[in-house]
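The next block holds one structure in the form of structure tokens; read it before the comments.
Every read-out reported here was derived from the displayed coordinates using simple, explicitly stated rules and does not represent laboratory data. Bear in mind that the values here come from a model prediction, so they are computed numbers and not experimental data. In this analysis, Cβ positions are derived from the backbone assuming ideal geometry, glycine residues included, and neighbour counts consider all displayed protein chains.
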Amino acid sequence: MPPGSTDRPGRVTRSPGVRAGNLPGMPDRTATGAASARQLPYGSWPSPVSARDLVTGVAEPTDVWAAGGAVWWSQSRPDQGGRIEIVRRDPDGTVRDDLLPADFNARTAVHEMGGGAWWVHDAALFVTSWADQRLYRVEPGGSPVPLTPEPDVPRGLRYADGRVTPDGRTVICVRETHPPEGGADMVLNEIVALPAVPEGEISEPSVLVSGYDFATSPRISPDGRKLAWIAWQCPNMPWDATVLWVADIEPLGDPEGAQCRLVRP
């Protein structure tokens with residue numbers, strides 16, 4: 001019977017001296033299937049599958065946002081240093097997968113756990129850069145423009161979890177401040193307001209909420225007149241004890257400006 005033919009289903013015969021196929025990096029085997037002895041240090045066995053092979057082409061979608069008939073989502077890029085990119089699918093089905101520059105990582109370090117690194121308003125993308133933790137605005141087809149000042153401490157002012165007022169003039173978001181003297185007990189978590197459109201010199205955001213160890217999830221009512229948020233104190237965790245606040249938003253100074261304050265009932 002010729003080599004490689006079968007005498008019954010599921011059985012293959014080989015002529016004497018024909019070697020069984022060997023996988024790259026695996027021990028050599030004789031025609032009888034016996035493996036020749038090889039010893040290598042732990043973790044040093046050669047493999048035909050590299051770590052790069054495992055992540056090439058992998059792009060995991062995470063947060064999703066729908067606005068103006070378009071769908072936006074963040075996407076991890078393991079083959080690009082693990083950075084986070086923002087992708088948009090337009091109403092006509094066109095997918096734009098490079099809304100941010102190749103060196104921009106859409107990720108925040110607020111609360112050390114991250115999350116809420118970007119949001120959308122009227123097709124404009126608001127996003128925190130992992131490199132400096134500043135907040136940026138990105139118009140369709142444009143480059144990131146900073147909305148927040150440079151901190152005294154590298155990555156010392158971190159922004160996340162924001163929303164834009166219905167008139168498009170003001171961003172309300174979480175800011176975490178790491179002072180020059182350092183120390184976890186010196187970190188401040190606040191909710192701040194800042195202009196949503198960059199105009200001239202970047203101004204310091206105005207503080208709306210302070211005094212809690214943690215403040216999160218600022219949400220603006222559809223009419224732009226109220227703000228809700230959640231806060232809690234250590235040693236509580238958010239699933240132990242939190243406070244839900246609601247307050248009126250009151251403009252300050254120029255009614256066309258972005259500065260505002262909260263009036264609690």
*Protection proxy ranking, peptides 97-107, 61-71, average beta carbon neighbours within 10 Å, highest first*: 97-107, 61-71
*For Leu99, distant residues with modelled amide H under 5 Å away*: Ile86
*asked:* Take Val207 and Gln80, extend 7 Å from each Cα along the Cα→Cβ direction, and tell me the distance between the two endpoints in nm.
replied: 3.7 nm
*Centroid-to-centroid separation of the range 117-194 and the range 42-67 [C-alpha atoms, Å]*: 29 Å
*Taking Val58, Val197 and counting other C-beta atoms within 10 Å, the order from fewest to most*: Val58, Val197
